[in-house]
Structure formats: structure tokens, C-alpha cells
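Input: a single structure, listed below in C-alpha cells.
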Amino acid sequence: MSEVTKEKLLAFYKTMLTIRKFEDKAAELFAAGKLPGFVHLYSGEEAVATGVCASLTNKDYITSTHRGHGHLIAKGGEVDKMMAELFAKTTGYCKGRGGSMHIADVDLGILGANGIVGAGQPIAVGAAFANKYKKTDAVAVCFFGDAASNRGTFHEALNLASVWKLPVIFICENNKFGISMNQKDHMNIVDVSQRATAYGIPGVTIDGNDVATVYEVAKEAIDRARRGEGPTLLECKTWRHYGHFQGDAGLYKDVAEQEEWMGKDPIVRLEEKLKELKFAKESDLEAIQTQIQAQIDAAVEFAKQSPEPDPEDVMADVYAP
Ligand SMILES: Cc1ncc(C[n+]2csc(CCOP(=O)(O)OP(=O)(O)O)c2C)c(N)n1
């Protein structure tokens, strides 16, 4: 196991808080009718993206989902450009053409958020194949939800990755729901990681709300992939704080279970750990919170001040004949 130092834990805290505050602001803006399209918030799941992406560099790839803001921030995405993309402004990551569900930045190794459930799995396998073919030690990480592990794409991806021993890590963010459908109604197993057995690769289930655990276990899988030892399926049990998308009240969730999970908030747990280990005092945490809030507010200002796309450009970047 690698050491989780004070510096690492504080860096995790900053990343997780940036995600949470970005999502809080997106929720507020969406409710006020300022953002077009849909937003699917990652609040409550921050420890997963943060713990996993901490062992990646820009040469490593990730594929993301419809719930992608957290993955992008953890992989180094700039909140200014992300916010501008949510506002559909020209300064956004995709010139405002993608919106919340389609942010990509190939230079950062972000192969895209994706509105199609399970679509990232074959893309990650392709990226991992490219890494291997080019004889680099780069890896590809594929984030997806529990419901996405029911797609054919998942099974094809794991099989090929296993047969070709590709450097890909499959990260299942199991928040127990596919939209309103409880996991027990969409699969007959409790741990998605069991599915790894069918493909002869390691499958591990962990507490996805403990960033230090996510970091340590994901690092082992990433190092293993870098050494050419093949893929891993890592299931992180977690919980989304809100509904499936903004506007969904989440009334299908059991009230007691919701409360129990709110008590396992990964950010609060990390704050407690930082204080317990004497790595930070309350005042240190407050200073970080103020600094990150200012960054998010500046991102909103940047987005608001940015130009709208010109209708004349509507056919630019359209490649279909
Ligand atoms: C191929 C496909 N089928 C259905 C949908 C509609 N849909 C959007 S999100 C979602 C549920 C996804 O659940 P999960 O994979 O567990 O991710 P989570 O939303 O929990 O993060 C569904 C069915 C879609 N976008 N794409």
C-alpha cells in the first residue's frame, strides 16, 4: 500500500471540495433557469474520481459519463472552461456545443463525458489498446455506473480487455440506482465486482466514500495495468446525494437509507480525518473553502461575460458530408 500523506489528503480535500462547490453552483444556476440542457450532479461521489485520478497524468486517458463534472475536475479540467460549457458559451471546452454531458479535452486525456450509458467502455478499451500498441505505459480509466454494467458494451469491453491484457481500469461507481431503478431490481447480484470472474480478471469492491481507500486500491490496479498485467474491475460503493438529474426529487429512495448515506458524506469524513490526524485545523479548512468558493464564483463570472456563439457558425465543426 502506498502512503497517504498529509499533502495528498489536503490535495484530495481541495479537489473534492471543488467538485462539490461546482455542483452546488450548477444546481443553483439550473434551478434559476440559467443553464440549458440537463445537469446530473456528482455530489456525494467525489471520493471516487478524486482517489482514482490522483494516480493519473495527462498521458493517461479517462472516459466519463452523463454524471461527469467530477471526473473532469479530478483529471485537471479547468472550472472556468467547464462552467462556460454549461452556459453554452464559445469559451467552453467544446465551444458551447457539448454542454454538461459532452465535455472533452484530449490534451488532458479526457476522452469525453457521454450521454449514452455504457458508451465509454469500448472507447476506454480502444484507448488502452492504442497505449499498448504504441508501447507506452499509459493507462485508460473507464468510469461508469452500476446500471451501465448491464449493457452489452460492458461485457464486450471486459472480455476484450482481458483477452488482450489491456491497460484499462474499469471503475464502477455503484450509487445503487439506474435513474429511479434500485439495483436489486436491475441485477441479481449485490457486488458488481463479481462480474470480473466471468472474464478472468481481478474484481474488487470497496468503500467509495473513503478517498484514501479509493486512492490506495485504485493505485494498485493502475500500477498493475502500467506493468502490463492487464485490467481490473473496481467497484466503489457510493451514493448520489440528489436525484438522477436536477429536477428529479428522488422520491423512490428509502428515506432511512438516504439519511444513513448522508451521514457517510465523503467530504465530511475527510474533514474529520484531517482534523483527527492533526493535518488541518478548522480554520485551515475554512480558508480552503473560501478560496475554492472564490474560484467557482470567478468561473461563473467568466462564463457570464463570455460571448454567445454566432448563429453563422452553426455548421462549423460538423463533419458529416
Ligand atoms: C444507452 C442508453 N440507455 C438509456 C439511457 C437513459 N439513461 C440515462 S442515465 C441512465 C441510468 C444510468 O445509471 P448508472 O449507469 O447506474 O449511472 P448513474 O446515473 O447512477 O451515475 C439511463 C438508463 C441512456 N442515456 N443511454
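The values are calculated or read from the model by the stated rules, or taken from the named source; none is laboratory data. Nothing here was measured: the structure is a model prediction, and the numbers come from that model. Counting neighbours? That spans all protein chains shown, and the Cβs are built from the backbone with ideal geometry, glycine included. The accessibility values were calculated without ligands, DNA or RNA, using every heavy atom of the protein model including side chains. Shrake-Rupley method; radii C 1.70, N 1.55, O 1.52, S 1.80 Å.
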Hey, residue 110 touching a Lys or Arg at 6+ places or on another chain (Cβ under 7 Å) and either over 22 Å from residue 235 (Cα atoms) or in contact (Cβ under 8 Å) with a residue 24 or more places away in the chain (or both) or not: yes
Going through the range 132-158 in order, the residues found to be within 16 Å of the ligand (Cβ to nearest atom) and of a type in the set (Ser, Thr, Tyr) are 149, 153
State whether the residues of the range 57-75 include one that is of a type in the set (Lys, Arg), part of a helix (DSSP H, G or I), surrounded by fewer than 20 Cβ atoms within 10 Å (Cβ to Cβ) and modelled with pLDDT of 95 or more. no
Which residue pairs have Cβ atoms closer than 6 Å, lie 6 or more positions apart in sequence or on different chains, and pair a first residue in the range 182-204 that is open to solvent by less than 50 Å² (accessible area, probe 1.4 Å) with a second residue that is part of a loop (DSSP other than H, G, I, E, B)? 183/146; 183/176; 192/146; 201/231
If we only count helices (runs of 4 or more DSSP H) wholly inside the range 209-317, which ones have 1 or more residues that are aliphatic (A, V, I, L, M), farther than 28 Å from residue 126 by Cβ and open to solvent by less than 10 Å² (accessible area, probe 1.4 Å)? 211-226, 266-276, 282-305
Selection status of residue 54, touching a Gly at 6+ places or on another chain (Cβ under 9 Å), modelled with pLDDT of 95 or more and farther than 17 Å from residue 103 by Cβ: no
State yes or no: is residue 15 more than 24 Å from residue 158 (Cβ to Cβ), away from the ligand (no atom under 16 Å from the Cβ) and in a helix (DSSP H, G or I)? yes
Residue check for residue 119: closer than 30 Å to residue 186 by Cβ, touching a Pro at 6+ places or on another chain (Cβ under 7 Å) and not polar (S, T, N, Q): no
Failed criterion for residue 257 (all others in (1) free of Cβ contacts under 8 Å to residues at least 24 places away in the same chain; (2) within 20 Å of the chain's Cα centre (by Cα) hold): (2)
If you go through the range 94-101 one residue at a time, do you hit one that is small (Gly, Ala, Ser) and part of a helix (DSSP H, G or I)? yes
Where a residue in the range 91-106 is in contact (Cβ under 8 Å) with a residue 12 or more places away in the chain and closer than 12 Å to residue 37 by Cβ and its partner, wherever it lies, is outside any helix (DSSP H, G or I) and among the acidic types (Asp, Glu), with Cβ under 7 Å and at least six apart: 97/317
Residue check, residue 109 at positive phi and either modelled with pLDDT of 95 or more or under 16 Å from the mean Cα position of the chain (by Cα) (or both): yes
Residue in the range 76-118 that is nearest to residue 156 (Cα to Cα), counting only those that are among the small types (Gly, Ala, Ser) and within 16 Å of the ligand (Cβ to nearest atom): 118
Within the range 170-181, can one find any residue that is in a loop (DSSP other than H, G, I, E, B), away from the ligand (no atom under 15 Å from the Cβ) and either surrounded by 20 or more Cβ atoms within 10 Å (Cβ to Cβ) or under 19 Å from the mean Cα position of the chain (by Cα) (or both)? no
Within the range 27-38, can one find any residue that is out of contact with any Asp or Glu (no Cβ under 6 Å at 6 or more places or on another chain), within 16 Å of the ligand (Cβ to nearest atom) and in a loop (DSSP other than H, G, I, E, B)? yes
Given (1) buried (at least 24 other Cβ atoms within 10 Å of the Cβ); (2) not in a loop (DSSP other than H, G, I, E, B), number of the condition residue 80 does not satisfy: (1)
Mind listing whichever residues of the range 182-201 are in a helix (DSSP H, G or I) and among the hydrophobic types (A, V, I, L, M, F, W, C)? 192, 196, 198
